[in-house]
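J.: Following this message is one structure expressed as structure tokens.
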Amino acid sequence: MSFTASRVAQTYAKVGLETGVATASPHQLILMLYDGALLAIAKAGNAMQQQKVAEKGQAISQAIDIISNGLAASLDFSTADELANRLAALYDYMCRRLVHANLHDDQAALNEVTFLLGEIKSAWEEIADDPAVLAHQKKVAA
């Protein structure tokens with residue numbers, strides 16, 4: 001029985017990801033979603049450059065899925081805060097730009113979404129150590 005190095009690495013990465021998800025706080029899970037979407041967009045860009053249409057489409061679909069069914073679905077609309085509505089609109093815009101990128105091989109659209117996701121992700125990273133966020137996470141976990 002022989003294993004290729006890439007298969008072993010994929011299995012190890014999957015186990016590591018599953019372990020990370022199981023032990024992550026809600027805040028860390030959101031950061032993982034941003035990382036996953038950014039990785040999928042990077043894969044789409046590489047596939048676009050190599051003219052690998054199927055791989056590009058799969059990667060863009062994965063990014064859209066993460067944004068719409070992960071990030072957007074995790075928004076809390078129960079507060080009177082306008083932030084959730086604005087983020088929902090921004091996530092919708094990003095998904096539309098990704099569809100456009102897929103249909104028109106538009107690297108600039110991928111770059112735009114990468115920039116937007118990166119900006120929001122960096123804001124999430126900055127509030128990670130905020131005492132109010134940590135207190136809310138403990139309350140949610142209890």
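The values are calculated or read from the model by the stated rules, or taken from the named source; none is laboratory data. On a predicted model such as this, the values are computed, not experimentally measured, just so you know. Neighbour counts run over all protein chains shown; Cβ positions are idealised from the backbone, glycine included.
J.: Out of all the residues in segment 97-122, which are surrounded by 15 or more Cβ atoms within 10 Å (Cβ to Cβ), assigned to a helix (DSSP H, G or I) and not hydrophobic (A, V, I, L, M, F, W, C)?
T.: 97, 100, 102, 112, 114, 121
J.: Please work out which one of (1) modelled with pLDDT of 95 or more; (2) over 17 Å from residue 47 (Cβ atoms) is the condition residue 75 fails and give its number.
T.: Among (1) modelled with pLDDT of 95 or more; (2) over 17 Å from residue 47 (Cβ atoms), residue 75 violates only (1).
J.: For a quick check of your reading of the model, give me the residue pairs whose first member lies in segment 107-124 and is touching a residue at least 24 places away in the same chain (Cβ under 8 Å), whose second is aliphatic (A, V, I, L, M) and loosely packed, with under 15 Cβ neighbours inside 10 Å, with beta-carbon atoms closer than 7 Å and at least 6 apart or on different chains.
T.: none
J.: Scan segment 66-88 and tell me whether some residue there is farther than 18 Å from residue 30 by Cα, surrounded by 13 or more Cβ atoms within 10 Å (Cβ to Cβ), of a type in the set (Ser, Thr, Tyr) and over 12 Å from the mean Cα position of the chain (by Cα).
T.: Checked segment 66-88: no residue is farther than 18 Å from residue 30 by Cα, surrounded by 13 or more Cβ atoms within 10 Å (Cβ to Cβ), of a type in the set (Ser, Thr, Tyr) and over 12 Å from the mean Cα position of the chain (by Cα).
J.: Ok, one more. Checking residue 60 against (1) within 18 Å of the chain's Cα centre (by Cα); (2) modelled with pLDDT of 95 or more; (3) surrounded by fewer than 16 Cβ atoms within 10 Å (Cβ to Cβ): exactly one of these is not met. Which one?
T.: With (1) within 18 Å of the chain's Cα centre (by Cα); (2) modelled with pLDDT of 95 or more; (3) surrounded by fewer than 16 Cβ atoms within 10 Å (Cβ to Cβ) applied to residue 60, the lone miss is (3).
J.: Quick one: count up the residues across segment 107-126 that are of a type in the set (Phe, Trp, Tyr) and either modelled with pLDDT under 95 or closer than 17 Å to residue 46 by Cβ (or both). Walk me through how you get there before you give the answer.
T.: Start the filter on segment 107-126 by keeping residues that are of a type in the set (Phe, Trp, Tyr), which leaves 115, 124.
Next, only the ones that are either modelled with pLDDT under 95 or closer than 17 Å to residue 46 by Cβ (or both) stay: 124.
Looking only at that region, the number is 1.
J.: Considering only segment 132-142, I want to know if a residue exists there that is at pLDDT 90 or above and outside any helix (DSSP H, G or I). Give the derivation first.
T.: We begin by selecting, within segment 132-142, every residue at pLDDT 90 or above; these are none.
No, segment 132-142 contains no residue that is at pLDDT 90 or above and outside any helix (DSSP H, G or I).
J.: Looking at 39, 31, which one is surrounded by 15 or more Cβ atoms within 10 Å (Cβ to Cβ), within 14 Å of the chain's Cα centre (by Cα) and at pLDDT 90 or above?
T.: On the way: 39 fails: surrounded by 15 or more Cβ atoms within 10 Å (Cβ to Cβ).
Within the list 39, 31, the selection yields 31.
J.: Moving to a separate point now. Residue 16 passes all but one of (1) modelled with pLDDT of 60 or more; (2) more than 14 Å from the chain's Cα centre (by Cα); which number fails?
T.: The number of the failed condition is (1).
J.: Of all residues in segment 37-48, which are farther than 23 Å from residue 69 by Cα and either in contact with a Ser or Thr (Cβ under 7 Å, 6 or more places away or on another chain) or touching a residue at least 24 places away in the same chain (Cβ under 8 Å) (or both)?
T.: Residue satisfying the conditions is 48 alone.
J.: Go through segment 62-92 and count every residue that is touching a residue at least 12 places away in the same chain (Cβ under 8 Å), assigned to a helix (DSSP H, G or I) and not acidic (Asp, Glu).
T.: So the answer is 14.
J.: Let me ask something else. Kindly indicate whether residue 22 is modelled with pLDDT under 95 and hydrophobic (A, V, I, L, M, F, W, C).
T.: yes
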